[in-house]
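Before any comments, here is the structure.
The values are calculated or read from the model by the stated rules, or taken from the named source; none is laboratory data. Everything numeric here is computed off the predicted structure, so don't read it as measured data. Cβ: placed from backbone, ideal geometry, glycine included. Neighbour counts: every protein chain shown. Keep in mind that these areas ignore ligands, DNA and RNA; they rest on the heavy atoms of the full protein, side chains included. Shrake-Rupley method; radii C 1.70, N 1.55, O 1.52, S 1.80 Å.
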Amino acid sequence: SESLPGESRLGPGTSMMSFTETSQLLQKELMNDYSYRVDGIPGMQDSQYDFNHVQSQPPPSAYMQRTAAGVGGGRMSAMPQSRGGHTGFGTRNTETARPMTSNRAAGYTAAGKQGKAFDPLGQGDKGNAKQLEKKTELSPEEKLREMEKDIHRLVEESAITREQGHLREALEKAKEAGKKERQLCRLREQQNLLDQLNVDLTYAVCLNLAIQHQANDNDNEALTIYTQIVKNKQYPFSGRFRVNMGNIYFKQEKWTAAIKMYRMALDQIPNNVQAIRFKIMRNIGHAFFKMHQFHDAVDSYENLLMQSAQHLDFMTGFNLILCYYALGDKDKMKSGFLKLLNIEQVGLEDFDEEEEIELNQVEQKQDASGARAQLEGDDALREDIKRRQREAARFIVNAANLIAPGMEKTPVQGYDWIIDSLNHHGFPRIGSEMEIAKSSFFLRRKEFDQAISVLKKFERKEPSLMACAATNLSFLYFLEAEHANAEKYADIAVKADRYNARALVNKGNCMFMNDEFERAKEVYLEAIGVSADCLEAIYNLGLVNMHIGKYQEALLAFDKLHSITHVNCEVMWQLGDIHEKLGNHSKAHEWFSLLVTSPKGRPTDPGVLARLANLFNKAGDETQAFHYHLESYRYWPVDMNVITWLGIYYVKQEMYEAAIPFFARASQIEPNEVKWRLMVASCYRRMGAYPAALKLYEDIHHSHPNDIECVRYLITICKEMKQKYDHYAAHLRKLERLQEAQNAQGHDDGDVGQGEDSPDSAGPGINQMFKMPPGRFENGQEDEMPNDLGQRSVELYEAEEAELPTKGPPKRRLAAPKASDEDDDWGNDELDDGLLPM
């Protein structure tokens, strides 16, 4: 046979093993060495392959060549050539061998060259290829395309920056994009490329600039750009941006212009885009609602009820109920509330189940606070669902609280209907909240028994609702002074939720009432640790610190509370009171003045005005003290301390006629106290109105016949008027003997100024109170009002300031009288005859 070109022929003595022998040898080797079985080899009984029809059988491997050379004894030793003899594998005769092709053409060698990489194509010596060279100069069209790319990049960056909250920076990028876009248009015009103007790019740049102006509250600029867009006929869908213009007018409270824009946008929205059309209708309803045109608002909102109310959301449903409520349509309120409950939104199907999961998570918060987020994976979708659930619950609760008291004949029936509807439509938790609202309604009407009966139903419900009801029950019992029950329900609420700050406050209040001040302080601190902005806990902490005498700690608590509330009157009052107790009168005056002069203060509070008057009196400013006492009396004319101070002030100024109304008012407030009527009579006598004074003394003697002081005054004024007084003198001697007898029997009783059957006479005896010897009236001297009258009246006012009555030395006087004025308070008369009690 002819050989292929370039091939060498085998010599006559060359021979090789047949294919069958080689295959059998290979099969034995594989079976012996690897326990491997090869099927389909020619000559085997279970062969699955038939090679008889193959013209060229596959060449043997290198392993087969080495094996054949070993078996053939030296016959295959000369086989390095690329091909064998003429009887190779190309023939059907398996006894003759086919010449083998060489595999060196692919660059393969049995042992590769050391340190040389595999490079069969010889490309390693050509060196690195040159980098692509940039065009030295761009064509005009390419320059314009590059500018378009820059404009696109600026528009995208502006939108992204706005989403990140950097509104000012986004506006700057939008302005830069607009500037470059105008420059691009001028270049195209100069190069006569107007046919390549990119209208869509201009549209995008203008719209983005308008949106950025609107986000930065540049309403006029935004409206100008929107107007240019919607008037350009090249933009087919620009009319819908009238919605944005309507939103700007809505923000500016230009309701009529907003409605006009919304309706023009609605005309340009096709009917097959129902979602956008219904949103625009909702905006129109909002605008009519703001204008108090409730009928038109109802028409707009009711359009959303089409197509099974699938486009109705909770906010629109709530606004619809508000319109029905404003119109007073009770039936529509019921139907609107039911429609609100039937609203279906994605993610709200398992509303109560989600709430229950949340409650279980709150109970396990202490043990698994860190692992909760990892196990559940609170991603953005779940957070959005939770937010929508909270919004839906808020709208439903607000609507229920609004219409419940007025939708039935009685508010109780309205609450019952609301609760039944909520339970029927799958909102049992909100129904339970409405039951608590029902109990709050009873509280506002002072129907405590019914409120307690409603709240007690929660003892058999889930722990969270039971804790809420127990907190309210504890508060109710605390108001009714049933501290045992209050503490019981406070413990229940704390046990159900250890992180309930209000329950902890109730528990601390019960401890405070049981005089467990230190424990109450600890509970208040725990409540503050749970909720740092719990105002009740901070306020009560300040009170308990004041009660145990820790004024500095109380001052810190009230200072913190003032930093939170700013203008809370109770807090400012406590701060002024603490500073006064600490002796810092200037700071106390500052706080009380702020309480009177601040816009949200109490300029007509008589207690604050009286405290300011007291501070001015301590500072020696009697004029300002008189002014604030008079203002306090004007707003609260029954304060005995203020009345006493004003009466004494007029007496010290010898303005007896002005002092009479104050002492008369005091006698009306305390009709059993004789001293006030005696003071009125003494004022008449100082004025020279003896008949009026005599008549008043006789009236006092008629109502209190055993009052020694009144009898002495009668004797004195009868002497002055030269009238008979023998019967008064005899009665006086009888009372004095009775007084001496009582002094002998019980010197410490202090009731010597009263007869046995005169419980209404003045309290202390004359001799003990005024240091006056008996029998002085026989000398015929005139009676006088006491010099220490002002001092004793001021003592009464000072006693009012102290929160806790104390026994001990005499109380501090507001202002000590001057020694030079002791003889001038009541004129030139002697001061021994007629000292009056205060």
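With each label modelled as a point 7 angstrom along the Cα→C-beta vector, the Gln24-Trp636 pair spans 12.9 nm.
Along the positive direction of the dipole of region 585-735 (beta-carbon charges: Lys, Arg +1; Asp, Glu -1; about the Cα centre), which of Tyr633, Val651, Ile715 reaches farthest? Value: Ile715. The peptide list 480-492, 703-715, put in order of mean Cβ contacts within 10 Å with the highest first, becomes 703-715, 480-492. Spacing of the modelled spin labels on Glu670 and Leu338, each 7 Å from Cα toward Cβ, amounts to 6.8 nm. Label reach from Glu163 (point 7 Å along Cα→C-beta): in region 377-416, amide nitrogens under 16 Å belong to 380-381.
Ranked by the mean number of other Cβ atoms within 10 Å of their residues, highest first, the peptides 190-202, 332-344, 221-233 come out as 332-344, 221-233, 190-202. Whole-Hz Karplus values for region 263-275 come out as 5, 5, 5, 5, 5, 9, 8, x, 5, 7, 9, 6, 4 Hz, taken residue by residue from phi with 6.51 cos²θ - 1.76 cosθ + 1.60 and θ = phi - 60°; glycine and proline positions read x. Taking R0 as 25 Å, what's the FRET efficiency between Asp491 and Phe448 from their Cβ-Cβ distance, rounded to 0.05? Once rounded, the FRET efficiency stands at 0.75.
Here the 3J(HN,Hα) profile of region 226-234, calculated from phi with Karplus coefficients 6.51, -1.76 and 1.60 at θ = phi - 60°, is 4, 4, 4, 5, 6, 8, 7, 6, 6 Hz, Gly and Pro shown as x.
How much of the accessible area of region 193-345, probe 1.4 Å, is carbon plus sulfur, in whole percent? Carbon-and-sulfur percentage of accessible area, whole number: 50. Here region 325-346 is scanned for amide nitrogen atoms under 17 Å from the site 7 Å beyond the Cα of Gln274 along Cα-to-Cβ, giving 343-346. The three principal axes of the C-alpha atoms in region 188-331 carry coordinate ranges of 72, 32, 20 Å, sorted with the longest axis first.
Fully extending the segment from Leu535 to Ala215, taken as 0.36 nm per residue of separation minus the present Cα-Cα distance, adds 111.5 nm. Overall, the anisotropy analysis places region 141-202 in the prolate class: the square-rooted eigenvalues a ≥ b ≥ c of its C-alpha gyration tensor yield a/c not less than 1.5, with a/b exceeding b/c. In region 625-732, Cα pairs under 8 Å separated by at least six residues give a relative contact order of 15 percent. Go ahead and run the numbers for FRET between Asp299 and Asn423, Cβ-Cβ distance against an R0 of 35 Å, rounding to 0.05. In this case the efficiency is close to 0.60.
Distance between the pseudo-spin-label points of Glu137 and Thr410 (7 Å out from Cα toward the beta carbon): 9.9 nm.
Which entries of Lys279/Lys438; Lys488/Lys581; Lys560/Lys581; Lys254/Lys438 show an alpha-carbon separation above 28 angstrom in the structure shown?
Lys279/Lys438; Lys488/Lys581; Lys254/Lys438
Taking Cα centre as origin and charging only the Cβ of basic (Lys, Arg, +1) and acidic (Asp, Glu, -1) residues, the dipole magnitude of region 377-467 rounds to 220 debye. 3J(HN,Hα) along region 681-696: 5, 5, 4, 4, 5, 5, 6, x, 8, 5, x, 5, 5, 4, 4, 5 Hz, from the Karplus curve 6.51 cos²θ - 1.76 cosθ + 1.60 with θ = phi - 60°, whole Hz, x for Gly and Pro. For region 497-584, the fraction of 1.4 Å probe accessible surface lying on carbon and sulfur atoms is 53 percent. Principal axis extents of the C-alpha atoms in region 517-594 (largest first, rounded to whole Å): 35, 25, 13.
Solvent-accessible surface of region 234-318, averaged per residue with a 1.4 angstrom probe and all protein chains in place: 52 square angstrom.
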